[in-house]
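The values are calculated or read from the model by the stated rules, or taken from the named source; none is laboratory data. Because the structure is a prediction, the values reported are computed rather than measured. Glycine also receives a Cβ, built like all others from the backbone with ideal geometry; neighbour counts cover every protein chain displayed. The area values use the complete protein model at the heavy-atom level, side chains included, leaving out ligands, DNA and RNA. Shrake-Rupley method; radii C 1.70, N 1.55, O 1.52, S 1.80 Å.
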Amino acid sequence: MAEVQAKGGPVVPESVLKKRKRNEEWALKKKEELAALKKKNAENRKLIYNRAKLYATEYEEQQKELIQLKREARLKGGFYVNPEAKLLFIIRIRGINAMHPKTRKILQLLRLRQIFNGVFLKVNKATVNMLRRVEPYVTYGYPNLKSVKELIYKRGYGKLNHQRIALTDNSIIEQALGKYGIICIEDLIHEIMTVGPHFKVANNFLWPIKLKAPLGGLKKKRNHYVEGGDAGNREDYINELIRRMN
């Protein structure tokens with residue numbers, strides 16, 4: 001093995017010198033990567049803050065517009081009818097006893113494999129037809145912004161490499177949905193709430209939400225909501241149930 005004679009010192013093997021050089025290169029590379037990451041995170045923080053501010057303004061304006069339209073309708077002697085909802089939140093409230101195989105299959109397609117699991121869905125003809133079939137086993141309605149925020153912030157888990165990962169950091173969301181322009185939790189909430197162009201991938205990234213049993217219990221889950229039970233469509237009253245289950 002080649003060895004290098006140090007001036008007035010011990011002999012240093014060539015392999016040791018190579019190792020030192022390699023370690024120095026690695027340390028420099030790591031330092032550069034860390035600096036680049038720090039810079040990127042600082043830029044991202046600024047961008048996330050601006051986006052969150054923009055979304056807050058947008059939600060506020062929508063609320064003001066709604067109040068204005070209701071006032072105008074009241075002045076004209078009529079009443080304001082809310083536009084048709086675009087977003088649904090479905091909660092499974094019954095188990096698997098005496099279930100038809102087709103119903104079980106639909107619940108699997110809706111990703112409602114466990115009792116008190118909840119998922120977001122876009123309102124369309126196919127969704128409504130599927131819900132009609134499984135209506136005795138689920139309850140659903142139109143969640144508001146407060147409900148969507150609370151569910152995602154408190155019980156939101158993402159699917160990353162087929163694993164269930166808690167949304168504790170924006171980097172998890174950016175890693176999975178960055179290519180769609182969704183880089184933080186506020187982007188995810190906005191995409192779900194407004195049923196945006198990337199709703200499908202954003203919703204698929206979200207793991208089905210595992211809720212607790214409702215505080216105060218259910219009334220009668222075998223009956224429809226309009227009959228004083230719990231199953232079926234409860235429209236805006238789903239928000240009250242979400243508060244009790246979150």
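Quick notes on this structure:
- The calculated pair-distance distribution of region 203-246 uses every alpha carbon pair, bins of 5 angstrom beginning at 0, and gives 5, 20, 24, 27, 14, 7, 3, 0 percent.
- Area of residue 96 that stays accessible when all protein chains are in place (1.4 Å probe, Å², to 10): 110
- Per residue, in Å², the accessible surface of the chain once ligands and nucleic acids are set aside, probe 1.4 Å: 66
- Our summary of shape: the Cα atoms of region 100-246 have principal axis extents of 45, 32, 26 Å, ordered from largest down, in whole angstrom.
- Taking every lysine pair in region 66-187 that is 8 or more places apart or spans two chains, those with Cα atoms closer than 24 Å amount to 23.
- A Stokes-Einstein calculation at 4 °C with viscosity 1.567 mPa s, built on the Kirkwood radius of region 17-69 over Cα pairs, returns a diffusion coefficient of 88 µm²/s.
- Separation between Cα centres of region 143-169 and region 189-246, rounded to whole Å: 14
- Given R0 = 51 Å, the distance between the Cβ atoms of residue 15 and residue 39 translates into a calculated FRET efficiency of 0.90.
- Length added when fully stretched, residue 180-residue 153, from 0.36 nm per residue minus Cα-Cα: 7.7 nm
- Figure note: 30, 19 ranked by solvent-accessible area, largest first, 1.4 Å probe, ligands and nucleic acids not counted: 30, 19.
- Top of 187, 169, 236 by mean-square fluctuation, Gaussian network on the chain, Cα under 10 Å: 169
- Cα convex hull of region 42-110 - mean projected area over all directions, nm²: 9.3
- Spin-label model distance (nm) - residue 103 vs residue 169, 7 Å beyond Cα toward Cβ: 4.4
- Choice from 118, 156, 178 showing the highest fluctuation, given a GNM over the chain with Cα pairs closer than 10 Å: 178
- Computed over region 1-146, the range of Cα coordinates on each principal axis works out to 101, 51, 22 Å, biggest value leading.
- Placing unit charges on the Cβ atoms only, positive for Lys and Arg and negative for Asp and Glu, gives region 71-186 a dipole magnitude near 500 debye about its Cα centre.
- When 193, 245 are compared by accessible area at a 1.4 angstrom probe, the order from most to least is 193, 245.
- Kirkwood hydrodynamic radius of the chain, from inverse mean 1/r over distinct Cα pairs, in Å: 21.8
- Near-label residues of region 165-186 by backbone N, under 19 Å of a point 7 Å along Cα→Cβ of residue 53: 183-186
- Structure remark: mean-square fluctuation, Gaussian network model of the chain, C-alpha springs under 10 Å; the largest value among 235, 84, 174 belongs to 84.
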